[in-house]
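Written out below as structure tokens is the structure these notes cover.
The values are calculated or read from the model by the stated rules, or taken from the named source; none is laboratory data. Because the structure is predicted, anything quoted here is derived from the model rather than measured. Here Cβ is always computed from backbone atoms with ideal geometry, including for glycine, and neighbour counts include all displayed protein chains. Areas reflect the complete protein model, heavy atoms only, side chains present, ligands, DNA and RNA absent. Shrake-Rupley method; radii C 1.70, N 1.55, O 1.52, S 1.80 Å.
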Amino acid sequence: HDTMIMAHLDDPVRAIGLKALGRRHLGGQWGAGEDALKIAFGTAGWDFATVPADFPGYWQYAGLDTILTARIAAKLWPRVSAQYRKPYEVEMAFIHALRDAEIAGVAIDAAYCQSAFAQLQLQLAVLAPQIDELAGQGVTLNPLSDRQVTRVLQDQGAILTKRTEKGQLSTDDAVLTSLREHFPIAGLVLEYRKASFLVTSHFSKMLDLATERDGTPFVHPSTKPVGARTGRTSVTDPPLQTIPRGRVVRDGYIARPGHKLILCDYDGMEMRFLAGDAPCPAMLEAFARGDDLHRWTAAQVYGVQPEAVTREMRGLAKNTGFAAIYGAGVDKLAETAGVTIDKAEDFARRYGELFPEVAQWQQRLIHEAQRSCNGREWPHVRTILGRKLPVEPDKLYKVTNFRDQGSCAEIAKMAVNRLACAGLGDFFRLFVHDEVILEAPEDVADDVLRATEEIMRDDTIFEGLTFTASGEIVTRWGDKYRNETNQMMKAPE
């Protein structure tokens, strides 16, 4: 059993660390051992690597963890077993697959990572003085400081209105992108931040965490099975949950000699779930025909043949569909799609006329969440397995995202469990977002790919709808973006 999984199912909003659970469920005294040990660490300069093994505070701390876990399990298990048995069993099976993948690890191309790291460091060194020059008046600007960047942009006449959740003026990527045409410093800050992120969050971690086995460097990313309120996973060390789109970082992850990577992902998973959950007949028919949903949608809205749909038209259709799932308004849709508010508003209206069931689905979930509120807890929505996902009372627009994303996470986890049961667990390496990554010897890679696609396929969730998965065999993870140029990629040997 696992008290972390129990705690998340019981209350996915609050912290699920052991000491936090102890204080919440058993009283404040359960943190006393940790507090005393921290004081001793600070006084003596110890950490967990150097604390004397016979120090009484260390023994008390370690002993209490075992007792605390047992007490928490006794407190939570009756509720979890009665209300969340199915999702709990799915999560527990999923943990075993994750464990085996973490132990196996994934190989990296150390030479490529070192080269990319050096190039990015050089880029940062070039950008820094250029940014300071544009800041003017002898200013030394920290491009990573929102406060400093805000002040400089305002001094140069930029009007900033977007705010963070804490109420501070935002200088996020979207803001900087919108300003860079008229304020060159915004573009340079954006470039600096992206390069810095790649250095600190990815390439430096890949190199620092790598361990060698049989002459090949490996990293062993740690996947947290319930990394988000919705039950989606998160990956750390390195933080693959934040891996940027494209091949720059992915090119650092490779198959071992004599092996291939098998990448397999669900096809339009979140939109398929919307089509089945609404349900929306027009969407279901498009999926049944094998159409590209977003291209078909754009063709219907604009009254043209699918082959006449432009990239911008398809992009607007795609963004409108996801705006429906995420509960985003027209302003956000316009920003994401890169179009005017009037254009976004017009498309959203016609999208609603094409798929009226979508708005009905949104309202149904909001009403269900409102009815679930008893005055003592937040409103909530449930996933297909019955997992309860609370929503802030003033943010009920999130219920569609929680229902869709949480259910899709469960569908994907059940697929991973089926892969393990079918004997493919030894090939499992990573689970990032909803993408399954396996590694197999070259002579069986084709068989593993076909088996993976078939096992992930699922027609049991909604009548008349199949969740399909498509995969490919590659040498580098980045080969998935083979049409994209990677300036950091070393020349083939």
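What the table shows:
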{"read-out": "Some residue of the stretch 201-209 being modelled with pLDDT of 95 or more, in contact with a strand residue (DSSP E or B) (Cβ under 7 Å, 6 or more places away or on another chain) and closer than 25 Å to GLN405 by Cα", "value": "no"}
{"read-out": "Selected residue (only one of ALA62, ALA93 is closer than 30 Å to ALA32 by Cα, of a type in the set (Gly, Ala, Ser) and part of a helix (DSSP H, G or I))", "value": "ALA62"}
{"read-out": "Hits in the stretch 96-119 - residues which are without any contact (Cβ under 8 Å) to a residue 12 or more places away in the chain and open to solvent by 60 Å² or more (accessible area, probe 1.4 Å)", "value": "ARG99"}
{"read-out": "Conditions (1) charged (D, E, K, R); (2) open to solvent by 30 Å² or more (accessible area, probe 1.4 Å); (3) in a helix (DSSP H, G or I); (4) more than 30 Å from VAL474 (Cβ to Cβ); number of the one not met by ARG14", "value": "(3)"}
{"read-out": "Count - residues of the stretch 220-268 that are under 30 Å from SER407 (Cα atoms), among the hydrophobic types (A, V, I, L, M, F, W, C) and touching a strand residue (DSSP E or B) at 6+ places or on another chain (Cβ under 6 Å)", "value": "6"}
{"read-out": "Those strands (runs of 3 or more DSSP E) lying entirely in the stretch 400-493 with at least 1 residues open to solvent by 50 Å² or more (accessible area, probe 1.4 Å), charged (D, E, K, R) and over 30 Å from ASP109 (Cα atoms)", "value": "458-462"}
{"read-out": "Candidate set: the stretch 375-399, residues that are of a type in the set (Val, Ile, Thr) and within 16 Å of LEU9 (Cβ to Cβ); chosen: the one surrounded by the most Cβ atoms within 10 Å (Cβ to Cβ)", "value": "VAL381"}
{"read-out": "Residues being under 18 Å from the mean Cα position of the chain (by Cα), of a type in the set (A, V, I, L, M, F, W, C) and under 10 Å from ALA97 (Cβ atoms) - total across the stretch 394-427", "value": "1"}
